[in-house]
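Here the structure is laid out as structure tokens; the discussion comes afterwards.
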Amino acid sequence: MDALFEVHFAPSEASLASSVPGFLMFAIPGIDRTVQSLPLGSVPKEFRDSQPGLSFQPLVRLEFGRYFINVGDRSLIVGAKLPYSGWSGFRSAILSALDAVLGSGLVTSVVQCSIRYIDVVEQSIIASDISALDLGMRIAGKEITIERTTITTRLQDGRLVHDVMINNSVDAQVVNRGAVKGIIINTATIDEFEEEPAAKFKERLPQLADEIHASNKKVFFGLLTEDLVAKLDPIYE
């Protein structure tokens, strides 16, 4: 399972990727002092600025313990390394990184935060049959079950939105599991809001993180039939 918590910041002239990593090296105990450049980091900022979608793509990466931090021009992502060790530790890492950055003066305001979980349910459990999920799909009068299928949709849930992607024919390399075939379930829960001062966002972050995590978890488990939940034998946290 991949787990990512992402925050988007309001536009600014300077790239966060040039200032935040150095600050975090002193702000977070035990963080690796090596900054890893990611592929997009070699693309000139002038070009990135001309492509709005690139503003939030990660440019550099730092690691600390079981977690990592990716920083882009206007984004910060806290991710959990595999195998995922649960919400409690992940939440602590999120708050540790974001409390430091939000209180640093390097960012002024926030416009969005989200949480994403990506999981692969192995073929040995689900047999790539989407009938094991709580969804129905019919095309031209034919019920879709084992055919190669990708579904992408957006669900509105009050002020939150959930982006859900399901692909029932995935071959993936998973840490500690090796090559895995099965169904990938990708669920992102997004809270997009009017530009909010960093200090105000910092105050409500602990409650907000718990809220969007719980909402994402509800969507994920809502996709699974009772039969599949029993087979997975998940640990609830």
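The values are calculated or read from the model by the stated rules, or taken from the named source; none is laboratory data. Only a predicted model underlies this, so the values are computations on that prediction, with no experimental measurement involved. Positions of Cβ are backbone-derived with ideal geometry, glycine not excepted, and every protein chain shown enters the neighbour counts.
Selection of region 176-223 for residues being surrounded by 14 or more Cβ atoms within 10 Å (Cβ to Cβ) and in contact with a Pro (Cβ under 9 Å, 6 or more places away or on another chain) yields only F221. Scoring V110 on the criteria (1) under 22 Å from the mean Cα position of the chain (by Cα); (2) surrounded by fewer than 15 Cβ atoms within 10 Å (Cβ to Cβ) leaves a single failure, condition (2).
Would you mind stating whether G72 is in contact with a helix residue (DSSP H, G or I) (Cβ under 7 Å, 6 or more places away or on another chain) and of a type outside the set (A, V, I, L, M, F, W, C)? It is true that G72 is in contact with a helix residue (DSSP H, G or I) (Cβ under 7 Å, 6 or more places away or on another chain) and of a type outside the set (A, V, I, L, M, F, W, C). Region 118-237 holds helices (runs of 4 or more DSSP H) entirely within its bounds, and those carrying 1 or more residues that are at pLDDT 90 or above and either closer than 30 Å to L106 by Cα or among the basic types (K, R) (or both) map to 198-222.
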